[in-house]
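Structure first, commentary second.
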């Protein structure tokens, strides 16, 4: 598989808008090590952000809080934390996949649980959202097919799984445009649910 040069240029520009680079390591993840080795593309250096790792660790420590009612299939950190440009005062965006016909029940259970623990961002928090969870997206298994655009490509490729990591490959496989349009390597497109 080759790296589609236009996709790399577009992804590089997209990440530059956030003040981030497309690294060789991420390119290997998306397109495979041989694609990168045989490429004439120059990648950016790995950037460090002191808040990203601590926010991901916090999310991992709180994954049980987010796993309510035995309906959760997948949880991943998304947004600024996953993309690598989080600020100290930022919340932690999470992408949650639940079993079919359980999204509203799941949301209700989390809202109730949050009354006592207050770990999820609410509209009453105002600017005080540091390290709170923002339920960026809750979707049911049947709804993991997304529109084929650069924003969704970036969000999916930069998701950081914190619960049921292998399920992410199933999400990729449901979005065939990742392979057809963006040239994502086949190993990421596993069509099995775990």
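The values are calculated or read from the model by the stated rules, or taken from the named source; none is laboratory data. Please read all numbers here as calculations on a predicted model, not as lab measurements. Virtual Cβ from ideal backbone geometry, glycine too; neighbours counted across all protein chains shown.
Would you check if there is a residue in segment 86-102 being under 15 Å from the mean Cα position of the chain (by Cα), at pLDDT 95 or above and in a loop (DSSP other than H, G, I, E, B)?
First, the residues of segment 86-102 that are under 15 Å from the mean Cα position of the chain (by Cα): 86, 91-97.
Restricting the remaining residues to those that are at pLDDT 95 or above gives 94-97.
Cutting the leftovers down to in a loop (DSSP other than H, G, I, E, B) gives us none.
No, the conditions are met nowhere in segment 86-102.
Considering only residues in segment 103-126 that are within 19 Å of residue 79 (Cα to Cα) and touching a residue at least 24 places away in the same chain (Cβ under 8 Å), the one that is surrounded by the most Cβ atoms within 10 Å (Cβ to Cβ) turns out to be 121.
Keeping to segment 184-194, report how many residues are surrounded by fewer than 20 Cβ atoms within 10 Å (Cβ to Cβ) and assigned to a loop (DSSP other than H, G, I, E, B). Quick ask: steps written out before the conclusion?
At the first step, the residues of segment 184-194 found to be surrounded by fewer than 20 Cβ atoms within 10 Å (Cβ to Cβ) are 185-194.
With the extra rule that they be assigned to a loop (DSSP other than H, G, I, E, B), the set shrinks to 185, 189-194.
So the answer is 7.
Tally the residues that are assigned to a helix (DSSP H, G or I) and within 19 Å of residue 29 (Cβ to Cβ), restricting the search to segment 121-179.
From segment 121-179, those assigned to a helix (DSSP H, G or I) are 123-125, 141-143, 150-158, 167-174, 177-179; that's our starting set.
Subsequent filtering for residues that are within 19 Å of residue 29 (Cβ to Cβ) retains 150-158, 167-174, 177-179.
Matching residues across segment 121-179 total 20.
Figure legend. Inter-residue proximity from segment 136-154: first residues touching a residue at least 60 places away in the same chain (Cβ under 8 Å), second residues assigned to a helix (DSSP H, G or I) and surrounded by fewer than 18 Cβ atoms within 10 Å (Cβ to Cβ), beta-carbon distance below 7 Å, spacing 6+ or different chains. Indicated pairs: 150/10; 150/14; 154/14. Checking each residue in segment 155-169 for being crowded, with 16+ Cβ neighbours inside 10 Å and without any contact (Cβ under 8 Å) to a residue 40 or more places away in the chain picks out 156, 169. Filtering 73, 64 for residues that are touching a residue at least 40 places away in the same chain (Cβ under 8 Å), outside any loop (DSSP other than H, G, I, E, B) and closer than 30 Å to residue 138 by Cβ leaves a single hit, 73.
Return yes or no: is residue 60 modelled with pLDDT of 95 or more, within 27 Å of residue 117 (Cβ to Cβ) and out of contact with any helix residue (DSSP H, G or I) (no Cβ under 6 Å at 6 or more places or on another chain)? Before the answer, list the steps.
Numbers: modelled with pLDDT of 95 or more: yes; within 27 Å of residue 117 (Cβ to Cβ): yes; out of contact with any helix residue (DSSP H, G or I) (no Cβ under 6 Å at 6 or more places or on another chain): yes.
Against the criterion (modelled with pLDDT of 95 or more, within 27 Å of residue 117 (Cβ to Cβ) and out of contact with any helix residue (DSSP H, G or I) (no Cβ under 6 Å at 6 or more places or on another chain)), residue 60 qualifies.
Here segment 4-39 is the region considered, the condition is being outside any helix (DSSP H, G or I), in contact with a helix residue (DSSP H, G or I) (Cβ under 9 Å, 6 or more places away or on another chain) and surrounded by fewer than 18 Cβ atoms within 10 Å (Cβ to Cβ), and the residue that is modelled with the lowest pLDDT is 39.
So is residue 146 surrounded by fewer than 18 Cβ atoms within 10 Å (Cβ to Cβ), modelled with pLDDT of 95 or more and under 15 Å from the mean Cα position of the chain (by Cα) or not? Can you show your working first?
On the way: surrounded by fewer than 18 Cβ atoms within 10 Å (Cβ to Cβ): no; modelled with pLDDT of 95 or more: yes; under 15 Å from the mean Cα position of the chain (by Cα): yes.
Answer is no for this residue.
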